Amino acid sequence: MSSFQNTTSSSIIFLLTGVPGLEGFHSWISIPFCFLYITALSGNSLILFAIVTQSSLHEPMYYFLSMLSTTDLGLSISTLVTMMGIFWFNAREISFNACSSQMFFIQFFTVLESSVLLAMAFDRFVAISNPLRYATILTEAKIAQIGVAIITRGTLVLIPLQVLLKRLSFCRSHVLRHSYCFHPDVMKLSCSDTRINSVLGLTALLSTAGVDSILIFLSYVLIIRTVLSIASPEERKKAFSTCISHIGAVAIFYIPLISLSFVHRFGKQAPPYVHTLIANAYLLIPPVMNPIIYSVKTKQIRKAVLKILHYGAIK
């Protein structure tokens, strides 16, 4: 009965959920999840190592890619402990403070990823529309400033959410619907008035991922216009091919994010496993797929990664 009493946030213990209805198969379900985490962590680490060690990759495009890989690493690590803890040890309990911290980092790296994808769209626009001044416009100092601005933006947007969350009290079931702490999921368990939290959460989402998606779309409108103005069909193809990897990264980030938002707001009648699958896809697909996409579609990254792997095999 104590879990249903009006309780302050500092003493709350939440219970995380694995895959509803398949609790007896968690040890088997952990195998593909473990594979996905290994792929995400090793793939992004390899790309980061390649960019840091290979001087040929010390260019604006690859600096932004290193930011994306760092963000994907952070997103993966944010959920690794709780998710694998549930599947391997049935460790479902998580304190409010730990839950709040996990929520912050998940939201923080989500905002960072959206911002980095926007910066990469700007990078592609400058490279295609003004190739002769590309290196002088996007200097290392300018890229560092963009990185600082991205981190500052994410921190300032999310701090009010964290402050308001700590003021909530809970008097309902403390069972969360996911294997990690998700902001709307936690708010639904509160017996306090959460309208301000909901408004701020929606505002944070629209002012970051929402605005970024619109600006990315506008960037590609300008990119397509610039590419179509190029006389040679071969040059058009070459110019647009440099954007293929980024388009793939944008798609695998925004499609699961939009799907999760829709399911939480309009999919109340959907089976529990649908929420679970989409929630896990939202956090795991981008970190897993981004290194694969850039390794396959970007010749310089592919060569650098193969060089590192070949050198490691020889040693």
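From helices alone, the chain scores -25000 deg cm²/dmol at 222 nm; the rule is -39500 (n - 2.57) for each run of n ≥ 4 DSSP H residues, then divide by the residue total.
Considering only S173, S219, S11, the mean-square fluctuation computed in a Gaussian network model of the chain, springs between alpha carbons under 10 angstrom, is largest for S11. Measuring nothing but how far apart in sequence close Cα pairs (under 8 Å, 6+ apart) lie, relative to its length, the chain scores a relative contact order of 29 percent. A straight chain from H310 to L132 at 0.36 nm per residue would run longer than the Cα-Cα distance by 60.6 nm.
Put simply, when 154-165, 272-283 are sorted by average Cβ atoms within 10 angstrom per residue, most first, you get 272-283, 154-165. Against the chain, whose longest principal axis comes from its Cα atoms, helix 60-89 is set at around 30 degrees. For the residues L75, L48, L218, a GNM of the chain with alpha-carbon springs under 10 Å puts the largest fluctuation on L218. A straight chain from S173 to I31 at 0.36 nm per residue would run longer than the Cα-Cα distance by 48.1 nm. Convex hull volume of the Cα atoms of the range 51-181, normalised per residue: 133 Å³. Each Cα pair of the range 275-315 feeds into the Kirkwood radius, which the Stokes-Einstein equation turns, at 10 °C and 1.306 mPa s, into a diffusion coefficient of 134 µm²/s.
Taking the centroid of alpha carbons for each part, the range 140-219 and the range 249-311 are 20 Å apart.
Within the shell defined by Cβ-Cβ distances under 13 Å, the residues around L164 carry a net charge of +2, with Lys and Arg each +1 and Asp and Glu each -1.
When the inverse distances between all different Cα atoms of the range 166-315 are averaged and flipped, the Kirkwood radius reads 19.0 angstrom. In plain terms, the bigger the Kirkwood radius, the slower the diffusion; for the chain, with that radius from Cα pairs, at 37 °C and 0.692 mPa s, Stokes-Einstein puts D at 156 µm²/s.
For the chain, the cysteines with no partner cysteine C-beta closer than 4.7 Å are C34, C243. Relative to the dominant Cα principal axis of the chain, helix 26-53 is inclined by about 40°.
None of the figures in this text is laboratory data; all of them are computed from the coordinates on show. Because the structure is a prediction, the values reported are computed rather than measured. Every residue, glycine among them, receives a Cβ derived from its backbone with ideal geometry; neighbour counts consider all protein chains shown.
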